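S.K.: Once you've had a glance at the structure underneath, I'll fire off some questions.
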Amino acid sequence: MQTSFEKLTIGTFAKAAGVNVETIRFYQRKGLLPEPDKPYGSIRRYGTVDVTRVRFVKSAQRLGFSLDEIAELLKLDDGAHCDEASLLAEHKLQDVREKMVDLSRMETVLSELVHACHARKGNVSCPLIASLQGEKAISSSGAG
């Protein structure tokens with residue numbers, strides 16, 4: 001059964017876009033998705049453009065863009081503002097790289113703590129718990 005993407009109810013639209021109905025309503029409240037007019041005595045209908053827009057939002061979210069950043073990208077969705085879109089992507093890339101540095105630091109500290117937990121002997125306090133309580137500084141800990 002093939003679905004026509006021009007007269008979708010909100011439920012069918014949500015399914016076609018791979019989200020739930022509450023996500024559609026949330027995007028509408030956030031201004032990411034227009035709410036179609038409701039004909040008198042009828043229900044709102046959605047089309048291909050709406051499905052494409054939700055898929056755009058979800059794709060951007062998977063790349064780490066916030067909803068505010070996605071709203072900015074949606075303003076550029078005609079494809080004629082590549083320089084502006086590129087600038088937004090460069091900022092996001094820098095954010096991702098900074099997060100990767102933080103994650104690497106966290107991985108190192110946690111690895112040391114796990115190793116310390118496995119290496120402890122006797123009835124000494126847990127190195128992880130002691131570290132979290134501030135009793136022992138971890139060598140790789142830094143700003144965080």
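S.K.: If each residue of separation counts as 0.36 nm, what is the full-extension length gain between residue 116 and residue 12 once their alpha-carbon separation is subtracted? Don't skip to the answer; put the middle values down first.
M.R.: Details: separation 104, 0.36 × 104 = 37.44 nm, distance 5.33 nm.
Once the chain is fully extended between residue 116 and residue 12, it gains 32.1 nm.
S.K.: If R₀ is 35 angstrom, what is the calculated FRET efficiency for the pair residue 96 and residue 40, using the beta carbon separation as r and rounding to 0.05?
M.R.: Values: r = 48 Å, r/R0 = 1.37.
FRET efficiency, residue 96 to residue 40: 0.15.
S.K.: Could you line up 27, 46, 40 from fewest to most neighbouring Cβ atoms inside 10 Å? Each step should come with its number before you reach the end.
M.R.: Values: 27 22, 46 25, 40 5.
Final ranking by Cβ density, sparse to dense: 40, 27, 46.
S.K.: List the residue ranges in the chain for DSSP H helices whose C-alpha atoms run 27 angstrom or more along the long axis and whose Kyte-Doolittle average is -1.0 or above.
M.R.: 82-119
S.K.: Per the Kirkwood definition applied to all pairs of different Cα atoms, how many angstroms is the hydrodynamic radius of the chain?
M.R.: Values: mean 1/r = 0.0517 Å⁻¹.
After inverting the mean inverse Cα-Cα distance, the result is 19.3 Å.
S.K.: Assuming R0 = 25 Å, what is the FRET efficiency of residue 21 and residue 84, from their Cβ-Cβ distance, to the nearest 0.05? Write down the numbers at each step before the final one.
M.R.: Numbers: r = 32 Å, r/R0 = 1.30.
The computed FRET efficiency comes out at 0.15.
S.K.: Where a Cα-Cα gap under 20 Å defines reach, which aspartates and glutamates qualify for residue 30, not counting those fewer than 8 residues away within the same chain?
M.R.: 22, 50, 68, 69, 72, 77
S.K.: Simple spin-label model, 7 Å along Cα-to-Cβ: residue 62 to residue 48 in nm?
M.R.: With each label point 7 Å from Cα toward Cβ, the separation is 2.1 nm.
Here, each number is a calculation from the coordinates, and none is a lab measurement. These figures come from a predicted structure and were not determined experimentally. For neighbour counting, all protein chains shown are included, and Cβ atoms are generated from backbone atoms with ideal geometry for every residue, glycine included.
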